[in-house]
Amino acid sequence: MLRKSSNVAGVFPALLVALVASSPLAQEPAAPATAEPKLPAIVVTETVTRALTDRVIATGTIRPVEEVFIQPLVDGLSIRALNVDIGDEVKANSVLATLNDDALLLQKSQLEANKAKAEASLAQYKAQVIEAQANLDDATRQRDRTKRLSQSGTSTISQLEQAEALVEVRQAQLNASNQSVAVGQSDIKVVEAQIEDIDLRLARTGVKTPVDGVVSAKNAKIGAIANGSGEPLFSVIKDGAIELVADLSETDIQKIEAGQKALVTIAGGRTTIEGRVRLVSPTVDPTTRLGLVHIIIDDESGARAGMYAKADIIVSEANALALPLSAVITNRDGSSARKVENNVVKQVKIETGIQDNGFVQVVSGLEAGDMVVSKAGAFVRDGDKIAPVADESAASN
């Protein structure tokens, strides 16, 4: 019995060895002691040449370049007729409204009657001059005759003195007559001046525009009394010229110069209107730190005074090396990028320029074709090894 038990005990170890040997796990090779580390996949982008535009964004309101107020030149007359309406194009010296001239015509008739009366009086004064001159001549002859008779003893001294006194009287009468003629002539000139004033006022009963343009406002109403010191009867945009008046910060306004191109978009519109910078304000508001820029635009573009608009003012344009803004790190020490060489990250200093549409110009520090980390900063450091992945979105832009 003891011999049989020892044989069974020897069978079990042999069976266990056979099972382990036949197991699939026993047939697999042993795992290596160390594995190669997996490199992180990092998106990279290529430094390429692209068109860049340096622009300044400005917003403001469209206004007339020059708006002319049309006032009546004659006060106290009612408006008889209106010849234009808002939006009409007008030429210089065209009549926009006509004033009632009945009162002026009546005054002119009265003045013409006064002139005729003054001319008749002048004629009488001139006749008096002729008469006074004749009386003076007669008195002078009588005095001369009396003087000769007095020398011969035929006439007395008293008669001679009377003759000389008569000459002086006749001379005074002639002088008075001449003065009356001068007064009569002055009266006629006064009346003629008054008539000329009436004629001028009659000519001004037509309310005219001094410039070509477009009527932007009309306050005149038929029957209303025209008053030169009141509200303008009409407003005219000279030559129809309009402009965008925009506010710019004191930093941006330093880049703007007259003549620069601008692309203007009306609020709510999709059409871009080309314009030019007409004027840059020489001053900046000390409180808001803003300055005004005037951008003239085409009046046939559909824009209207009072509309709100945005303008892209083109400062400069260039074809230059560029990177996405996300690939550039900017701090107090300047700008840098994560250049990738042989799958190794290397931080390089760069100088940047124009920023446009999510890209920035690389002035120095990189060359065309250099690969840099597209999303710079947080995931890699100088000297890290990476598995570069091309940035397809940057390539499509």
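Here the Kirkwood formula puts the hydrodynamic radius of the range 217-270 at 15.8 Å, using every distinct Cα pair. Of the residues Leu166, Leu136, Leu106, the one with the largest accessible area comes first in the ranking Leu106, Leu166, Leu136, computed with a 1.4 Å probe on protein heavy atoms. Computed over the chain, the per-residue total of -39500 (n - 2.57) for DSSP H runs of n ≥ 4 gives a 222 nm mean residue ellipticity of -11500 deg cm²/dmol, rounded to 500. Note that the range 253-341, at 10 °C in a medium of 1.306 mPa s, gets a Stokes-Einstein diffusion coefficient of 97 µm²/s from its Kirkwood radius over C-alpha pairs. Over the C-alpha trace of the chain, radius of gyration and Dmax come out as 53.1, 225 angstrom. On a per residue basis, the range 188-327 carries 53 Å² of accessible surface, using protein heavy atoms and a 1.4 Å probe.
Just tell me, in residue order, which DSSP H segments of the chain are both 27 angstrom or longer along the helix axis (alpha-carbon based) and at least 0.5 in mean Kyte-Doolittle hydropathy. Flagged H segments are 2-22. The slack between Asn219 and Arg204, meaning 0.36 nm per residue of separation minus the straight C-alpha distance, is 3.6 nm. If R0 is taken as 41 Å, the Cβ-Cβ distance between Asp102 and Lys126 corresponds to a FRET efficiency of 0.65.
Could you estimate the translational diffusion coefficient of the range 28-144 from the Stokes-Einstein equation, with Rh from the Kirkwood formula over C-alpha pairs, at 37 °C and 0.692 mPa s, in whole µm²/s?
Once the numbers are plugged in, D ends up at 122 µm²/s.
Diffusion coefficient (Stokes-Einstein, Kirkwood radius over C-alpha pairs, 37 °C, 0.692 mPa s) for the range 185-315: 176 µm²/s, rounded to a whole number. Volume of the convex hull of the range 85-170 (Cα atoms only), normalised per residue: 135 Å³.
Between Glu164 and Ala193, the FRET efficiency estimated from the beta carbon spacing at R0 = 41 angstrom works out to 0.40.
How compact is the range 290-397 by the rule of thumb for globular proteins, expressed as Cα Rg over 2.2 N^0.38 Å?
That works out to 1.49 for the range 290-397.
The ellipsoid equivalent to the alpha-carbon distribution of the range 310-365 has semi-axes of 25, 12, 10 angstrom, derived from the gyration tensor eigenvalues as √(5λ) and listed largest first.
Solvent-accessible area per residue in the range 56-185 equals 61 Å², computed with a 1.4 angstrom probe and all protein chains kept.
Rolling a 1.4 Å probe over the protein heavy atoms of the range 93-198, with every protein chain left in place, gives an accessible area that is 49 percent carbon and sulfur. Between Ala258 and Thr53, the contour length at 0.36 nm per residue exceeds the alpha carbon distance by 72.0 nm. In summary, the aspartates and glutamates within cross-link reach of Lys126, defined as a Cα separation below 19 angstrom excluding same-chain residues under 8 places away, comprise Asp137, Asp138, Asp187.
The values are calculated or read from the model by the stated rules, or taken from the named source; none is laboratory data. Since this is a predicted model, take the numbers as computed values, not measurements. Neighbour counts are summed over all protein chains in view; Cβ atoms, including those assigned to glycine, are modelled from backbone coordinates with ideal geometry. Areas reflect the complete protein model, heavy atoms only, side chains present, ligands, DNA and RNA absent. Shrake-Rupley method; radii C 1.70, N 1.55, O 1.52, S 1.80 Å.
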